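The values are calculated or read from the model by the stated rules, or taken from the named source; none is laboratory data. Please read all numbers here as calculations on a predicted model, not as lab measurements. Reconstructed Cβ throughout: ideal geometry from the backbone, glycine too, with neighbour counts over all protein chains shown. Note: areas computed on protein heavy atoms with side chains; ligands, DNA, RNA excluded. Shrake-Rupley method; radii C 1.70, N 1.55, O 1.52, S 1.80 Å.
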Amino acid sequence: MRLVILDNYDLASEWAAKYICNRIIQFKPGQDRYFTLGLPTGSTPLGCYKKLIEYHKNGDLSFKYVKTFNMDEYVGLPRNHPESYHSYMWNNFFKHIDIDPNNAHILDGNATDLQAECDAFEKKIKEAGGIDLFVGGIGPDGHIAFNEPGSSLVSRTRLKTLAMDTILANAKYFDGDLSKVPTMALTVGVGTVMDAREVMILITGAHKAFALYKAIEEGVNHMWTVSAFQQHPRTIFVCDEDATLELRVKTVKYFKGLMHVHNKLVDPLYSMKEGN
């Protein structure tokens with residue numbers, strides 16, 4: 001497991017974007033070889049998406065041979081609702097890059113048979129050859145996707161009831177009106193993300209510090225679902241200084257001492273212009 005600590009949110013976002021960019025380019029995607037990327041929503045990945053868009057617009061990165069699978073979607077929210085994750089992904093990322101819309105997979109929270117929708121999503125991931133890199137964020141209670149506290153650590157894509165903490169955290173997107181916040185969602189399971197060949201989790205802000213402490217310094221615990229990734233062979237936690245406030249000084253010192261190694265993963269930043 002790697003813990004990458006940057007000074008602030010912008011630098012953490014840039015590091016994550018550079019890592020994604022380099023992984024896609026090093027993979028050498030093509031017509032018969034797509035890179036498969038798992039993607040999150042929420043406020044944390046916005047900086048990362050902005051940087052990826054910048055790399056694309058500079059001609060350094062193409063998503064033509066990339067397939068994406070999003071982590072989750074609200075149940076019962078119209079697809080064109082401004083707070084649906086379909087809208088979020090389109091407005092904040094997909095419409096700014098060259099991805100084929102047919103290769104961008106998002107769960108349908110309005111499907112007639114929600115379980116069949118979840119099963120079909122798992123099948124699509126398998127047919128795509130599995131996920132090469134799953135990018136995720138976490139909630140202050142340590143949930144990844146909508147795998148709320150108490151979720152099975154081997155869970156698959158399914159329907160979940162949202163915890164009150166999550167509903168409260170999301171109220172800001174619905175004019176602070178709790179009655180407008182969806183109470184259910186479709187989400188990939190912890191097991192679905194664990195199956196990815198590589199996982200990168202973005203954790204920024206002091207309000208996520210206790211969750212990072214639980215993820216890194218304590219044992220695997222289904223009440224803090226992000227802690228499951230201690231057992232993944234290739235996990236990178238990317239965080240800012242504020243997110244490390246609950247960690248022991250020696251933990252922070254240890255991982256900061258490895259930054260010269262971690263930075264080799266993003267420096268140099270590869271470019272498709274150079275034919276790398």
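Leaving out same-chain residues fewer than 8 places away, which aspartates and glutamates sit with a Cα under 16 Å from that of Lys256?
Asp7, Glu217, Asp240, Glu241, Asp242, Glu246
What number, in nm² with one decimal, is the all-direction average of the projected area of the convex hull of the alpha-carbon atoms of the stretch 1-263? Walk me through the numbers before you get to the answer.
Details: hull surface 52.6 nm².
Taking a quarter of the hull surface, the average projection is 13.1 nm².
Please compute the net charge surrounding Pro45, taking Lys and Arg as +1 and Asp and Glu as -1 over other residues with Cβ under 15 Å from its Cβ. Before the final figure, lay out the partial values.
On the way: positive: Lys18, Lys50, Lys51, Lys208; negative: Asp10, Glu14, Glu54, Asp72, Asp240.
My count for the surroundings of Pro45 gives -1.
Would you grab the residues whose amide H sits under 5 Å from the one on Thr68? Only those 5+ places off in sequence or on another chain, please, with H modelled 1.01 Å from N.
Counting only residues 5 or more places away or on other chains, the set is Leu37, Ala104, His105.
Residue by residue through the stretch 151-164, which ³J(HN,Hα) values in whole Hz follow from phi under the Karplus form 6.51 cos²θ - 1.76 cosθ + 1.60 (θ = phi - 60°), with glycine and proline marked x?
5, 5, 7, 10, 5, 10, 4, 6, 8, 10, 8, 7, 6, 4
For the stretch 116-165, count all C-alpha to C-alpha pairs, find those more than 18 Å apart, and express that count as a whole percent of the total.
On the way: 502 of 1225 pairs.
Of the Cα pairs, 41 percent sit more than 18 Å apart.
What are the ³J(HN,Hα) values, in whole Hz, obtained from phi via the Karplus relation 6.51 cos²θ - 1.76 cosθ + 1.60 with θ = phi - 60°, for each residue of the stretch 47-55 in sequence order, with x given for Gly and Pro?
x, 5, 4, 4, 5, 4, 4, 4, 4
Using a 1.4 Å probe, what is the accessible area per residue for the stretch 33-125, in Å²?
43 Å²
Going by amide H atoms built from the backbone, whose H comes under 5 Å of the H on Ile201, apart from near neighbours?
Result for Ile201 returns Gly136, Ile236, Phe237, Val238.
Over all distinct Cα pairs, what is the inverse of the mean 1/r for the stretch 137-203, reported as the Kirkwood hydrodynamic radius in Å?
Numbers: mean 1/r = 0.0791 Å⁻¹.
It works out to 12.6 Å.
Where q = 0.28 Å⁻¹, what log10 of I(q)/I(0) comes from the Debye formula for the stretch 23-77, counting one point per Cα?
Each listed q corresponds, in turn, to -1.21.
Over the heavy atoms of Arg234, what accessible area does a 1.4 Å probe trace out, to the nearest 10 Å²?
Looks like 110 Å² after rounding.
Output wanted: per-residue J couplings in Hz (rounded whole) for the stretch 26-42, from phi through Karplus 6.51 cos²θ - 1.76 cosθ + 1.60, θ = phi - 60°, x for Gly and Pro.
5, 5, 6, x, x, 4, 9, 8, 8, 7, 10, 10, x, 10, x, 10, x
Counting only protein heavy atoms, what percent of the accessible surface of the stretch 173-255 is carbon or sulfur at a 1.4 Å probe?
On the way: 1880 of 3590 Å².
Carbon with sulfur: 52 percent of the solvent-accessible area.
State, in angstrom, two size descriptors of the stretch 160-264 derived from its alpha carbons: Rg to one decimal place and Dmax to the nearest whole number.
So, for the stretch 160-264, Rg and Dmax equal 15.9, 48 Å respectively.
Compute the relative contact order of the chain as a whole-number percentage, counting only Cα pairs closer than 8 Å that sit 6 or more residues apart in sequence.
Values: 545 pairs, mean separation 72.9, N = 276.
Answer for the chain is 26 percent.
Going by accessible area, probe 1.4 Å, with all protein chains left in place, what is the ranking of Lys123, Lys95, largest first? Numbers along the way, then the final one.
Details: Lys123 125, Lys95 105 Å².
Accessible-area ranking of Lys123, Lys95, largest first: Lys123, Lys95.
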